[in-house]
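Here is the structure we will look at, set down as structure tokens.
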């Protein structure tokens, strides 16, 4: 009974967060390189705000949303019961520990396990929020290891535009502005491609999705 | 707040939409059976969106004053969200932008709801105008300062101040017209939007000479004259449901259709400069709220003030 209540609460919370995100950002998905169909994918996106994965999750059609899990930082999401509820139960996040010295599980193994269970993933390869003037921070190697471990899975770049203006780092109240999410063509690791070459190619594919208008 | 005249007008609009939907379906079967003709698909999307817009407007009329005020407050919110997405951005403006959405906008509509004319007619042009730049200035950044505060003020004037003059029409006191003010709103929107639609139709049929080639390829003199005259003729024929005489109704219709055209022109100039085709994407086939409202935005305050000066006792 208690489990049922928790799962209902998680669903309602998820819908409420999603509705709030829609109200604030009227998010628009541009399916440029893929169709919104139920294919197993790793969506990797630029990371400038805490709302990034919520927005990406929100614009996915409901059937896709149910099987898509964000990859998030364990040391952030397990710091309070509310965050843990949202991270674990509402968004069913794959929680990885970003601190090599503290972790007990290998993040790549965790992500691969989630893929093997049939889930799609939302991943931010920059590893942390980008508040610099650079378009993208250097990618961490997780994306490469994932591409190597499961080469058949589509890696889809998603450029999230404007969310850093809705809620810049350090602000708590969001300003309503329209956000667009551009989904690019899927990438795969090619034969013999090295780590640096692949990560550069993946970053370039993401960068190229930026909309032209950036006032 | 329903009056027999309003029901007449809404039924008339519903009849037009039934006709349009039927026509759209015939065109689809003939020219776009597989849904691959973008012009036909867009036409049908537009007609469907009209049904939704008329439904919400009718619903708001049914609820009465608070319903109409709330509907236009929400439209303002969506329009402001579209406008400020395209203005110059600086971190230092975060709090003044929050002020626009969560203080200025609700207050403006609250003043309209409570019929405080002396306040809502100066609140944004005076108080918001003077105080919002202070908030931005206190946050320090001077980069493009004048551009930023001007754009924010413009956004508020267009998206909140002008739009709020539509529900404000409910509060005019016109002798012999008591309890029927909702007709003024329905009439304004009907004539201006009909003019938009007819400008589109006339332009597609006989449009040759562009009014402003650098701004918009689709605005032609033939479309403008044909559209404004058609809408004004229909509006004049409906004089009996307004406080105006036939001649006055004709003058009013010409005035608001012309203002509506100017609205489309000015908003096109902004879009062209920013390199976009539509303000948003929420109204299928039409674009954003500002794409649909641009003509009403320019017509509403003028319609409000002329009616107030010449007919209202307040």
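Observations on the structure shown:
- Qualifying residues in region A:58-107 (those that are out of contact with any helix residue (DSSP H, G or I) (no Cβ under 6 Å at 6 or more places or on another chain), part of a helix (DSSP H, G or I) and in contact (Cβ under 8 Å) with a residue 40 or more places away in the chain) - the one nearest to residue A:25 (Cα to Cα): A:59
- Considered as a group, the residues in region B:18-42 that are in contact with a helix residue (DSSP H, G or I) (Cβ under 6 Å, 6 or more places away or on another chain) and not in a loop (DSSP other than H, G, I, E, B) include one that is farthest from residue B:178 (Cα to Cα), and that residue is B:31.
- Single condition residue A:197 does not satisfy, out of (1) more than 9 Å from chain B (Cβ to nearest Cβ); (2) assigned to a loop (DSSP other than H, G, I, E, B); (3) modelled with pLDDT of 95 or more: (2)
- Within region B:280-314, the set of residues being at pLDDT below 90, within 22 Å of residue B:73 (Cα to Cα), more than 14 Å from chain A (Cβ to nearest Cβ) and surrounded by fewer than 18 Cβ atoms within 10 Å (Cβ to Cβ) is empty.
- Check on residue B:20, over 14 Å from residue B:186 (Cβ atoms) and in contact (Cβ under 8 Å) with a residue 24 or more places away in the chain: yes
- Residue within region A:10-26 that is touching a residue at least 24 places away in the same chain (Cβ under 8 Å), within 14 Å of chain B (Cβ to nearest Cβ) and closer than 13 Å to residue A:158 by Cα present: no
- Residue in region A:159-182 that is in contact (Cβ under 8 Å) with a residue 24 or more places away in the chain, under 22 Å from residue A:118 (Cα atoms), touching a helix residue (DSSP H, G or I) at 6+ places or on another chain (Cβ under 7 Å) and more than 14 Å from every other protein chain (Cβ to nearest Cβ) present: no
- Count of residues meeting criterion [out of contact with any strand residue (DSSP E or B) (no Cβ under 8 Å at 6 or more places or on another chain) and surrounded by fewer than 22 Cβ atoms within 10 Å (Cβ to Cβ)] in region A:153-163: 0
- Qualifying positions in region B:280-289 - touching a strand residue (DSSP E or B) at 6+ places or on another chain (Cβ under 8 Å) and outside any loop (DSSP other than H, G, I, E, B): B:289
- Hey, residue B:277 within 14 Å of chain A (Cβ to nearest Cβ) and either outside any helix (DSSP H, G or I) or at pLDDT 95 or above (or both) or not: yes
- Test result for residue B:60, farther than 19 Å from residue A:178 by Cα, buried (at least 16 other Cβ atoms within 10 Å of the Cβ) and touching a helix residue (DSSP H, G or I) at 6+ places or on another chain (Cβ under 6 Å): yes
- Residue within region B:67-74 that is surrounded by fewer than 16 Cβ atoms within 10 Å (Cβ to Cβ) and assigned by TED's automatic domain parsing to the domain that holds residue B:133 present: yes
- Odd one out for residue A:148, checked against (1) more than 30 Å from residue A:6 (Cα to Cα); (2) assigned to a helix (DSSP H, G or I); (3) within 17 Å of the chain's Cα centre (by Cα): (3)
- Selected residue (only one of B:247, B:229, B:265 is out of contact with any helix residue (DSSP H, G or I) (no Cβ under 8 Å at 6 or more places or on another chain), crowded, with 17+ Cβ neighbours inside 10 Å and part of a helix (DSSP H, G or I)): B:265
- Count of region B:249-274 residues which are within 27 Å of residue B:6 (Cα to Cα) and either within 14 Å of chain A (Cβ to nearest Cβ) or free of Cβ contacts under 8 Å to residues at least 40 places away in the same chain (or both): 6
The values are calculated or read from the model by the stated rules, or taken from the named source; none is laboratory data. Keep in mind it's a predicted model, so treat the numbers as computed, not measured. Reconstructed Cβ throughout: ideal geometry from the backbone, glycine too, with neighbour counts over all protein chains shown.
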